[in-house]
1. Using a 10 Å cut-off on Cβ atoms, rank the peptides 169-182, 231-244 from the highest mean neighbour count down.
2. Determine, for 29, 158, 250, the number of other Cβ atoms within 10 Å of each Cβ, and report the residues in order from fewest to most.
3. Please rank 143, 159, fewest neighbouring Cβ atoms within 10 Å first, as an exposure proxy.
4. Restricting to DSSP H runs of at least four residues, report the calculated mean residue ellipticity at 222 nm for the chain, -39500 (n - 2.57) per run over all residues, nearest 500 deg cm²/dmol.
5. What order do you get for 150, 41 when you list them from fewest to most C-beta neighbours inside 10 Å?
6. Write down the percent of antiparallel bridges among all DSSP beta bridges whose residues are both part of the chain, to the nearest 5.
Ligand SMILES: C[S@@+](CC[C@H](N)C(=O)[O-])C[C@H]1O[C@@H](n2cnc3c(N)ncnc32)[C@H](O)[C@@H]1O
């Protein structure tokens, strides 16, 4: 049998489920993450530059010489652009590309970022030294209550490939509660097979664990990927999401095609 990085990861994922731990040891994760960024750079444009894209009818169009944006990143950016929040918190900032890119798209918005790992924040500052002046950053665990006090309330909070890896106990639910209770919108771009996000979120709302008076659940479907939008108020411009199955639409059973990073 050929041993590949993917097969080692698949075994580790099975073990992490069995032993009830997150997918990664977050203290050491920056080494793996850095390698993944290098790999993915060959295929996708990760960092937007001012003169290399246009926005046409809410869609990001890159100059034709560039590799495309990752479809998940593109959908995330276009969704947040459309919601046009005044302040944005990214949970699990990693290398900071998303905040950098979103700041270009929404220059008026205030940006905040948290990550459980100081090493990831260091990596972010190395990759994007300018973010020091653009956004407020903190080391914080989103599953802990005091993350609410780190920056106070924001308009929108999002994750990209974070909660899918939070597997120990039901900590992804604690994270969701915290994210809801500090914002007006929660946008999730995750691997939809890792948790039953739709049922988990509707349950915590029914159990009255959310400070929101109402919960509106929407999807944004790009034709390649689906993203989940939770909103305090009704949104006319997005389609309602009615079941977890709708999130699983593009997930192929074979291979982990949805999100690697
Ligand atoms: C797979 S990486 C994704 C990083 C980034 N969102 C991206 O798309 O490149 C997951 C990130 O979530 C962070 N993370 C994991 N658990 C966390 C927690 N409980 N609270 C805050 N950040 C967390 C990790 O340190 C890591 O930077």
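No value in this document is a laboratory result; all are computed from the given coordinates. Note that the structure is predicted; figures quoted are calculated from it, not measured. Note that each Cβ is placed from the backbone with ideal geometry, even for glycine, and that neighbours are counted across all protein chains shown.
1. Values: 169-182: 19.7, 231-244: 13.5.
For the peptides 169-182, 231-244, the packing ranking is 169-182, 231-244.
2. Least to most surrounded, the residues fall as 250, 29, 158.
3. Exposure proxy ranking, most exposed first: 143, 159.
4. That comes out to -10000 deg cm²/dmol.
5. 41, 150
6. Rounded to the nearest five, the antiparallel share is 45 percent.
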